[in-house]
Amino acid sequence: MKRSVAVSLVIMGAASLAACQEETVDSAVYYSVDECVSGKTYSPEKCETDYKAAEAMHEKVAPAYQTQADCEAEFGASQCAQATEQHASGGFPFLPLLAGYMIGKQMGAGNAAGVAAQPLYRQAGKNAFVNAGGHEVARSTGPVKLSSNSPAIRTPAATTRTMARGGFGSRSMSVSA
């Protein structure tokens, strides 16, 4: 193999590897607006605005369960409540309580991808915050870097189905109209 061909292949390989590297997105997880403001990473206005956005999104995107027992099996005793508005799945299902929220920089603020505010939940027996899609976001509050490819940074879609637990701990999904 000629030397110029070998050098070209090495350069092309290095360029390909550089293109495949994942970018990270700055975000943070907080229990409350007060905790966010105390962290001094975001302005008090941003902390408040993103909390309100996550709170407004909560009943639309939270995992929905047909019964309180099904919800509590997933999120723990006293960690679920019935929806206060008619849910997209129809009816008033049981939803996990809002455990915190994710806040982040929007597109054009130094990140290749933006992070929209979203509600977070804590599953029973797990020491992690998860989004409405069940994707782990963080294990503690405060700043966090997420991969720009992570499903955890995507704004969750409205939940249009409710879940029911089957026998022997299995889960099944049912679409309610």
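The values are calculated or read from the model by the stated rules, or taken from the named source; none is laboratory data. Remember, predicted model here, so these are calculated numbers, not experimental data. Cβ atoms come from the backbone with ideal geometry, glycine included; neighbour counts cover every protein chain shown.
Quick check on the stretch 28-60: of everything there that is without any contact (Cβ under 8 Å) to a residue 12 or more places away in the chain and surrounded by fewer than 16 Cβ atoms within 10 Å (Cβ to Cβ), which residue is nearest to residue 84 (Cα to Cα)? I'd like the intermediate steps shown before the answer.
Within the stretch 28-60, the first condition is being without any contact (Cβ under 8 Å) to a residue 12 or more places away in the chain, and the residues that meet it are 34, 37-38, 40, 43-45, 52, 56.
Subsequent filtering for residues that are surrounded by fewer than 16 Cβ atoms within 10 Å (Cβ to Cβ) retains 34, 38, 40, 43-45, 52, 56.
Values: 34: 25, 38: 31, 40: 33, 43: 31, 44: 28, 45: 27, 52: 17, 56: 12 Å.
This residue is 56.
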The lone condition residue 31 fails out of (1) out of contact with any Pro (no Cβ under 7 Å at 6 or more places or on another chain); (2) of a type in the set (Ser, Thr, Tyr); (3) modelled with pLDDT under 95 is (3)
Please go through the stretch 51-78 and pick out each residue that is over 18 Å from the mean Cα position of the chain (by Cα) and charged (D, E, K, R).
70, 72
